[in-house]
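In what follows, a single structure is set out as structure tokens and then discussed.
The values are calculated or read from the model by the stated rules, or taken from the named source; none is laboratory data. The structure presented is a predicted model; accordingly, all values stated were derived computationally and were not measured. Here the Cβ positions follow ideal geometry from the backbone for every residue, glycine too, while neighbour counts run over all protein chains shown.
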Amino acid sequence: MKTDVSKIETNKRLGIGLLGYGTVGKGLETLLEATASDAFFIAKILRRATKANRHDMVEDIDSLLKDPSVDIVVEVLGGIEPARSYVLAALKAKKAVVTANKALINRHGDELDACAKANGVALRFSAAVGGGIPYLATLLEVKRHTQIQAIGGILNGTSNFMLDKMEREQCAFEEALRAAQQLGYAEADPSADILGTDSLNKIRLSGVVAFDRWIEFESIPCEGIAYLQAEDIQFIQNLGYHIRLFATMCRSEDGIQAYVEPQLFNVEDAEASILANHNIAWFVDSMGERQALIGQGAGGLPTAGNILRDLMQIKEKTGGMLPEGHTKLVANNTKAIHQYLIRSSKNLKSGYLEALSEVKWIQGNRIYRITKAMDVSRIHALVQTLRATEPIFFAGIQTKETL
Ligand SMILES: NC(=O)c1ccc[n+]([C@@H]2O[C@H](COP(=O)([O-])OP(=O)(O)OC[C@H]3O[C@@H](n4cnc5c(N)ncnc54)[C@H](OP(=O)(O)O)[C@@H]3O)[C@@H](O)[C@H]2O)c1
């Protein structure tokens, strides 16, 4: 995976061309200032037209890339375009690139990595998963000496903050979301956090690093927390569980299982103790041992920490992060089997759902059911069908077999 980054001079202080001056961009600036970095400095910052109000700010990508003081480009704009075009232009200008953009690498990682390799520079994206947690870097290191069997955890800090707040303060979903937005955890459009797609992007990206396979998006069942209500939390707590948004991918005899869904955890499970906007990101090694990293899954400064790690790797000529010769694969969840909690209204008539239920409780107009153990893809598909009638909530029940 070594890339010839011959353009990088290792013995000089390297200039960064910073694309994006928001939460993470400012975090990187603060981190470099606070640590008085003798390895890197911000040489130029790309701002939108009319916002370039400092001598080191520019309004167009060409002048940033042509600036001789820019050695490495850091992309923290977010979104697909113009981030993709700017990163391609940087790589073609033979600048190594560090990005925190999980959506961009998920959609265009192969194209960008090929361009990086063709130009003899590195493309790195450690900050795209886990915020400040060195998760992808750890996976890369660990797989050098063991075959990773499974990866997963709580990878979305915003939803974790909301679930924890709803549990501890018995507040409504909307109030928890408002608090997450006020604290800058959730964006104005929080759909990627609450629909699970942020977790999906992160587990898929972790999967290509751990297993050398891009798992096809459409084959990964993905459910977020958008259908959860305060009454559900109370019911779950009365059962003795904590609810967390869980993402996982693991090897099985039939290929690779992968899914994202809310899950109920017992109090002794590590996931249950993850509070506020923290993440837990774990892997299982070839001996079946689970190792976990816990920390700030988001925020300007923590995320800048992962960016700085990538910058150091580039300075040390470590190369890029996408594995050589990785391939594509469809997830196979036929052996990913566990029980589910499903909440519907009393009005919902589904003989199929009734037949699947092992236990049920009637609470006012709501019915809570615990199903027989069933495969993940089947229950996700069933709920999508039933949602044509009403907004059902469901969550997996964590068992030892889940992991
Ligand atoms: N925030 C986190 O905790 C976190 C953690 C891990 C990864 N990430 C990833 O890091 C990236 C940045 O996230 P963020 O939270 O820093 O976003 P953000 O606060 O919204 O900042 C994005 C910055 O990019 C600027 N920008 C966007 N399009 C631009 C354009 N065409 N030209 C010039 N400037 C442009 C924005 O400028 P305006 O202010 O003028 O709009 C803003 O300053 C995303 O890919 C995100 O997924 C974020």
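Checking the structure you have, find out if any residue of segment 253-263 is in contact (Cβ under 8 Å) with a residue 40 or more places away in the chain, of a type in the set (Ser, Thr, Tyr) and surrounded by fewer than 23 Cβ atoms within 10 Å (Cβ to Cβ).
Checked against the condition, which is being in contact (Cβ under 8 Å) with a residue 40 or more places away in the chain, of a type in the set (Ser, Thr, Tyr) and surrounded by fewer than 23 Cβ atoms within 10 Å (Cβ to Cβ), segment 253-263 yields no hits at all.
Scan segment 361-375 for residues that are under 12 Å from residue 344 (Cβ atoms) and among the aliphatic types (A, V, I, L, M) and jot them down.
Result: 362, 367.
Evaluate the following for residue 63: is it out of contact with any helix residue (DSSP H, G or I) (no Cβ under 9 Å at 6 or more places or on another chain), away from the ligand (no atom under 14 Å from the Cβ) and without any contact (Cβ under 8 Å) to a residue 60 or more places away in the chain?
Judged against the criteria, residue 63 is not a match.
Considering only residues of segment 40-60 that are outside any loop (DSSP other than H, G, I, E, B) and within 11 Å of the ligand (Cβ to nearest atom), which is surrounded by the fewest Cβ atoms within 10 Å (Cβ to Cβ)?
Across segment 40-60, the extreme among qualifying residues is 57.
Taking segment 222-261 only, how many residues are under 19 Å from residue 150 (Cβ atoms) and not in a loop (DSSP other than H, G, I, E, B)?
17
If I ask for residues that are assigned to a loop (DSSP other than H, G, I, E, B) and of a type outside the set (Val, Ile, Thr), which ones from segment 73-114 would you list?
77, 78, 79, 81, 82, 93, 94, 95, 100, 101
Please enumerate the residues belonging to segment 379-401 that are buried (at least 18 other Cβ atoms within 10 Å of the Cβ), at pLDDT 95 or above, not in a helix (DSSP H, G or I) and not aromatic (Phe, Trp, Tyr).
Passing the criteria: 392, 395, 396, 397.
Tell me which residues, restricted to segment 266-318, are within 22 Å of residue 233 (Cβ to Cβ), within 14 Å of the ligand (Cβ to nearest atom) and buried (at least 18 other Cβ atoms within 10 Å of the Cβ).
277, 278, 279, 297
Determine which member of the set 173, 125 is modelled with pLDDT of 95 or more, within 13 Å of the ligand (Cβ to nearest atom) and of a type in the set (Phe, Trp, Tyr).
Result of the check over 173, 125: 125.
In this structure, is residue 130 more than 29 Å from residue 81 (Cβ to Cβ) and within 16 Å of the ligand (Cβ to nearest atom)?
no
Could you tell me whether residue 120 is small (Gly, Ala, Ser) and assigned to a loop (DSSP other than H, G, I, E, B)?
Considered against the rule, which asks whether it is small (Gly, Ala, Ser) and assigned to a loop (DSSP other than H, G, I, E, B), residue 120 comes out as yes.
Need the failing condition index for residue 104 against (1) closer than 18 Å to residue 42 by Cβ; (2) near the ligand (Cβ under 8 Å from one of its atoms), just the number.
Among (1) closer than 18 Å to residue 42 by Cβ; (2) near the ligand (Cβ under 8 Å from one of its atoms), residue 104 violates only (1).
Can you confirm whether residue 363 is of a type in the set (S, T, N, Q) and either touching a residue at least 60 places away in the same chain (Cβ under 8 Å) or on the phi > 0 side of the Ramachandran plot (or both)?
yes
Specify which of the listed residues (16, 8) is under 16 Å from residue 310 (Cα atoms) and in a strand (DSSP E or B).
Unique residue meeting the criteria: 16.
Among the residues that make up segment 183-194, is at least one of them among the charged types (D, E, K, R), on the phi < 0 side of the Ramachandran plot and in a loop (DSSP other than H, G, I, E, B)?
yes
Going residue by residue through segment 133-147, is there one that turns out to be crowded, with 24+ Cβ neighbours inside 10 Å and among the polar types (S, T, N, Q)?
So far as segment 133-147 goes, no, none of its residues is crowded, with 24+ Cβ neighbours inside 10 Å and among the polar types (S, T, N, Q).
Just to be sure, is residue 170 in contact with an Asp or Glu (Cβ under 9 Å, 6 or more places away or on another chain) and of a type outside the set (Phe, Trp, Tyr)?
Spelling it out, it is not the case that residue 170 is in contact with an Asp or Glu (Cβ under 9 Å, 6 or more places away or on another chain) and of a type outside the set (Phe, Trp, Tyr).
Counting only residues that are hydroxyl-bearing (Ser, Thr, Tyr) and within 16 Å of residue 282 (Cα to Cα), which one in segment 177-211 is surrounded by the fewest Cβ atoms within 10 Å (Cβ to Cβ)?
206
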